[in-house]
Amino acid sequence: MKFQVNKDVLSDAVAFAARMLQTKPTSQILSGMRLVADGNSLQISVFDHDVSAQTDIVANVEEPGISLVSGRLLNEIISRLPNQPVTFTSDGSKVVLSCGPAKFELATLPIEQYPTLPPIPAVTGTIDGDKFATAIRRVGIASAKESTRPFQRGIQIKAQGAGVMFTAADPNRIARCKVDWTSNSSEEKSVVVLTKTMQDIEKSFANLGEVNICMASGGERGMVAFQAKNRIVTTVVLNIEVYPDIDQYFPNNLTDSVVINRQDLIDATRRVELVVNESEDTIRYAFEPNSVQLESTSSENQASELVEATLTGNPISLRFKPWLFHDGLAQITGEFVKIEFAINQRDPQRPGPIIMSSQTSKDTPAPDSYRYLLNPNMLKR
């Protein structure tokens with residue numbers, strides 16, 4: 001095998017593939033990055049039986065061939081090379097990489113033991129890459145890093161006709177966002193993908209134009225693929241027989257709400273949280289007809305601040321962990337945030353969750369489907 005490639009193009013491709021490698025692979029083989037030189041292209045790929053990534057770049061191939069080398073080591077080397085053409089040669093036992101004055105000899109891994117890349121399912125729909133990445137970032141905040149309930153560690157992607165709904169939830173909150181797309185199927189499909197994997201994919205597809213989402217089910221494990229330009233990522237989906245009915249938590253007939261300037265509420269929350277009691281870790285929000293009063297108290301200090309607000313319905317006081325409250329506000333795109341007060345479905349006598357959404361003005365909803373549901377802290381009113 002012998003080929004030469006542009007350093008910047010190679011660096012971008014190798015970094016993309018390396019991002020999908022496991023931090024702690026179950027075997028040395030699965031830490032490898034496969035290089036296939038043929039014709040006028042170089043295919044770079046990784047696969048650990050769960051997640052795969054592959055991309056093709058232009059290369060000047062003198063001798064076709066295939067090699068498997070340490071993916072993370074190759075990524076580190078390429079990122080530090082001078083901006084000159086990179087040449088690879090291999091005799092099977094090692095790969096020699098040279099770039100200007102730099103030269104490396106890399107041990108190869110047994111390519112015959114490397115798993116075969118999975119097939120790509122048919123395209124379910126196509127979505128704008130920037131909107132896709134934004135939706136993942138906005139809902140991913142509500143996913144649990146650790147949970148005994150698998151769906152709380154993932155992001156649900158649900159095809160719904162002309163739109164695709166992204167949803168994530170943990171024990172305290174739910175975030176969801178619907179994005180328009182071009183559907184290739186009338187069948188309603190949904191998959192749940194580990195949030196960490198989706199966040200890695202989001203970083204790789206944000207600026208690539210349109211993204212094809214290819215959902216498959218059946219067999220031993222379902223799979224979904226994401227495809228944009230010369231990049232493809234596949235991943236197995238979380239094994240969840242029935243995803244919770246999230247729609248029930250977002251009723252359309254809520255009557256009590258408050259509208260507040262988003263930045264004013266963010267700034268007040270950041271100030272008042274400075275004296276939050278460590279054992280309680282909450283701020284009290286008292287929603288009144290023309291204002292919201294923020295209060296926090298520690299053993300020695302206290303803080304309060306009044307923010308202008310427009311309340312529709314009955315006054316109510318609720319406590320929230322400030323970082324959870326701020327997470328939702330940070331994803332609101334409008335100048336104003338609308339906070340709706342939902343009913344506690346388990347116990348109507350106790351306060352229910354709030355639902356945040358964007359407003360372009362005090363009276364006008366923003367054209368933004370993002371919703372953030374947050375449960376109040378029940379330990380103290």
task = Tally the residues that are part of a helix (DSSP H, G or I), charged (D, E, K, R) and buried (at least 20 other Cβ atoms within 10 Å of the Cβ), restricting the search to region 1-35.
result = 0
key: Single residue of 302, 331, 345, 293 found to be touching a helix residue (DSSP H, G or I) at 6+ places or on another chain (Cβ under 8 Å) and either more than 22 Å from residue 250 (Cα to Cα) or small (Gly, Ala, Ser) (or both)   = 302
request  = Name the one entry in 305, 278 that is more than 24 Å from residue 171 (Cα to Cα), acidic (Asp, Glu) and free of Cβ contacts under 8 Å to residues at least 40 places away in the same chain.
outcome  = 305
Test: residue 286 is outside any helix (DSSP H, G or I), at pLDDT 95 or above, surrounded by fewer than 20 Cβ atoms within 10 Å (Cβ to Cβ) and aliphatic (A, V, I, L, M) = yes
inquiry  = Can you pull out every residue in region 315-325 that is within 32 Å of the chain's Cα centre (by Cα) and surrounded by fewer than 17 Cβ atoms within 10 Å (Cβ to Cβ)?
reply    = 323
message = Here is a check on your reading of the model: is residue 312 in contact with a strand residue (DSSP E or B) (Cβ under 6 Å, 6 or more places away or on another chain) and either assigned by TED's automatic domain parsing to the domain that holds residue 17 or surrounded by fewer than 17 Cβ atoms within 10 Å (Cβ to Cβ) (or both)?
response = yes
message = If I ask for residues that are farther than 21 Å from residue 45 by Cβ and without any contact (Cβ under 8 Å) to a residue 24 or more places away in the chain, which ones from region 75-92 would you list?
response = 80, 91
task = Hey, can you tell me all the residues within region 114-163 that are among the basic types (Lys, Arg), surrounded by fewer than 19 Cβ atoms within 10 Å (Cβ to Cβ) and either in contact (Cβ under 8 Å) with a residue 60 or more places away in the chain or not in a loop (DSSP other than H, G, I, E, B) (or both)?
result = 131, 137
message = Looking at 106, 97, 117, 68, can you tell me which residue is at pLDDT below 95 and over 22 Å from residue 207 (Cβ atoms)?
response = 117
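The values are calculated or read from the model by the stated rules, or taken from the named source; none is laboratory data. This structure is a prediction, so every number in the text was calculated from the model and none was measured. Because the Cβ atoms are built from the backbone with ideal geometry, glycine has one as well, and the counts that use them run over all protein chains shown.
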